[in-house]
1. Going through the range 74-120 one residue at a time, which ones are closer than 13 Å to L55 by Cβ, assigned to a helix (DSSP H, G or I) and within 19 Å of the chain's Cα centre (by Cα)?
2. How many of the residues making up the range 216-226 are in contact (Cβ under 8 Å) with a residue 12 or more places away in the chain and surrounded by fewer than 16 Cβ atoms within 10 Å (Cβ to Cβ)?
3. Tally up the residues in the range 93-117 that are hydrophobic (A, V, I, L, M, F, W, C), buried (at least 20 other Cβ atoms within 10 Å of the Cβ) and over 14 Å from A79 (Cα atoms), please.
4. Could you check, for the range 172-189, whether at least one of its residues is buried (at least 20 other Cβ atoms within 10 Å of the Cβ), touching a residue at least 60 places away in the same chain (Cβ under 8 Å) and within 14 Å of the chain's Cα centre (by Cα)?
5. Identify the single condition in (1) part of a helix (DSSP H, G or I); (2) at pLDDT 55 or above; (3) exposed (fewer than 15 other Cβ atoms within 10 Å of the Cβ); (4) of a type outside the set (K, R) that A40 does not satisfy, given that it satisfies every other one.
Amino acid sequence: MPARNVESFPLVGPRCRAPWSGLKSRRNTIWSQQRALDSARQSPPPPSDPLPELLAATARGDRRAFAELYQLTKSRLYAITLALLRQQDAAEDVLQETYLAVWRTAGQYQPGRAPVMVWLMAIARHRAIELLRQRRRRAAETHAESLAEDALQIPDPSPAPAVDHLAHAIQECLRRLSDDQSAAIKLAFFHGHSHEELAARLQTPLGTVKSWVRRGLLQLKGCLDS
């Protein structure tokens, strides 16, 4: 009987498992890449910012647009005024003055200088800082109270350039932050995301997101104060 050619049988053992192992590894890699693509497709698109249109409508005298602008931004601006003034009544008064200024000067907003939210933040911060300066002047000049009161009646001759400069400064300081800090602060303050929403959107642990926001705000404050 002629001997069978053993080479015609399929290979078994380690020589067979090696190519199969490589194929399985490539298949797992393809599946991982597909899952990553699916996850990217399912992630929500960046939220559109309604503030520019609302501010433009406010500049045209649209009270409904102004009311909606107020509802979307008041909590963030109040947080800024409260953090600076440390008094609820004073923060509320400055917030009211801020929106009166927005209603009067909405047409002076320049889109190329800073986002709307940054511009609003600049107005709120400018008003709060002015109140703090008034307090200090009053404390230092109690012997000339009547003179100080007369001086306070003189309107600021150029409030818009000061606010515009501050808004531009805030924008420049944001650029100096790390990408993670800048993204977290913009989503938190410009779009109203909570820490939990930031963690979900950025796919980052909650503690890390809180650290980004906290350190970013400290650096932002230091940049603006310098």
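The values are calculated or read from the model by the stated rules, or taken from the named source; none is laboratory data. Just so it is clear, the structure is predicted and the values come from calculations on it, not from any experiment. Note that each Cβ is placed from the backbone with ideal geometry, even for glycine, and that neighbours are counted across all protein chains shown.
1. Residues satisfying the conditions are V116, M117, V118, W119, L120.
2. Keep residues of the range 216-226 that are in contact (Cβ under 8 Å) with a residue 12 or more places away in the chain, which gives 216-217, 219-220, 223-224.
Checking which are surrounded by fewer than 16 Cβ atoms within 10 Å (Cβ to Cβ) leaves us with 224.
Number satisfying all stated conditions: 1.
3. Of the residues in that region, 4 qualify.
4. Yes.
5. All conditions are met except number (2).
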